[in-house]
Amino acid sequence: MTTVGVLALQGDVREHTRALEAAGVTAVPVRRLTEIDAVDGIVLPGGESTTIDKLLRAFGLFHPLRERIAAGLPVFGSCAGMILLADRVLGGREDQQTLGGIDMTVRRNAFGRQVDSFEADLEVAGLAGGPFHAVFIRAPWVEEVGPEVEVLARIGPGEGTGRIVAVQHGTLLATSFHPELGADHRMHAHFVGMVQGENQRRT
Ligand code: GLN
């Protein structure tokens, strides 16, 4: 049986737990290293990336988690979680650090004040069954990705030109939006497939 943890320091933990259970795995909140070491993969939820960063350090989890990600622990970061997985951040707080792992530059709060929160239907590569209804809340976007990162979804004007809002790099998955809100669990199911050794789109 596959067990997936949801980092439970701050953010929308319960929604992710529910979505993972709906995708067919056992989901548990994790906040200790021993708990992290007992799961097959982990979700970094949305919330506030600066706060989660601070709490990770306060709980002594920052460096161990960073090492485990670098060693191949499958991780899915949504929104603030995407920021935490980025190797580089624009618009972060001065002392803000990330766990890193995905060769990308993410811009924090990128969509700006006018459109703090919005929803959109997105075509996501690898998700069968039509567009995914995505909820964006003070979301980041991805400004630039390295050659090994696969772009799964963009939002904006036209085919191949919009802002990048979903990526995969080996066993790491990140979305600008919140797939845990709503009843469509295909994004979580995709991650579960990655944890179980399928859907690994490594180039
Ligand atoms: N703006 C938040 C941050 O910088 C992310 C928002 C979210 O996770 N909904 O961390």
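A few remarks follow.
- Restricting attention to the stretch 44-203, close to 70% of DSSP beta bridges with both partner residues there are antiparallel.
- Within-14-Å neighbourhood charge of ARG88 [Cβ basis; K, R +1; D, E -1]: -2
- Spin-label model, ASN109 to ASN199: label points 7 Å out along the Cα-to-beta-carbon direction sit 3.2 nm apart.
- Kirkwood radius for the stretch 92-183, taken over all pairs of different Cα atoms as the inverse mean of 1/r, rounds to 13.9 Å.
- For VAL30, distant residues with modelled amide H under 5 Å away: VAL6, LEU7, ALA8
- With the simple spin-label model, which puts each label point 7 Å out from Cα in the Cβ direction, the THR34 to PHE59 separation comes to 1.5 nm.
- Coupling constants for the stretch 118-129 follow from the phi torsions by the Karplus curve (6.51 cos²θ - 1.76 cosθ + 1.60, θ = phi - 60°), and in residue order they are 7, 10, 7, 8, 10, 7, 10, 4, x, 9, 7, x Hz; glycine and proline get x.
- Principal axis extents of the C-alpha atoms in the stretch 1-145 (largest first, rounded to whole Å): 42, 41, 25.
- Distance from the Cα centroid of the stretch 173-196 to that of the stretch 1-79 is 14 Å (rounded to whole angstrom).
- GluC sites (Glu not before Pro) within the stretch 7-68: DSSP coil, no more than 16 neighbouring Cβ in 10 Å: GLU48
- Extension gain, PHE118 to ALA70, is 14.0 nm, computed as 0.36 nm per intervening residue step minus the present C-alpha separation.
- For the stretch 25-42, 3J(HN,Hα) per residue [Karplus equation, 6.51 cos²θ - 1.76 cosθ + 1.60, θ = phi - 60°, Hz, x = Gly/Pro]: 10, 7, 10, 9, x, 10, 9, 10, 4, 4, 6, 5, 6, 9, 10, 8, x, 9
- Counting only protein chain heavy atoms and rolling a 1.4 Å probe, the accessible areas of HIS133, HIS185, HIS169 rank, largest first, as HIS133, HIS185, HIS169.
- Whole-angstrom Cα spans of the stretch 101-140 along principal axes, big to small: 32, 28, 10
- Adding -39500 (n - 2.57) for every DSSP H run of four residues or longer, then dividing by how many residues the chain holds, sets the calculated 222 nm ellipticity at -6500 deg cm²/dmol.
- The Kirkwood hydrodynamic radius of the stretch 31-116, based on inverse pair distances between different Cα atoms, is 13.2 Å.
The values are calculated or read from the model by the stated rules, or taken from the named source; none is laboratory data. Given the structure is predicted, the values throughout are model-derived calculations rather than measurements. Using ideal geometry, Cβ is built from the backbone for each residue, glycine included, and neighbour counts are taken over all protein chains shown. These accessible areas exclude ligands, DNA and RNA; they are computed on the full protein's heavy atoms, side chains included. Shrake-Rupley method; radii C 1.70, N 1.55, O 1.52, S 1.80 Å.
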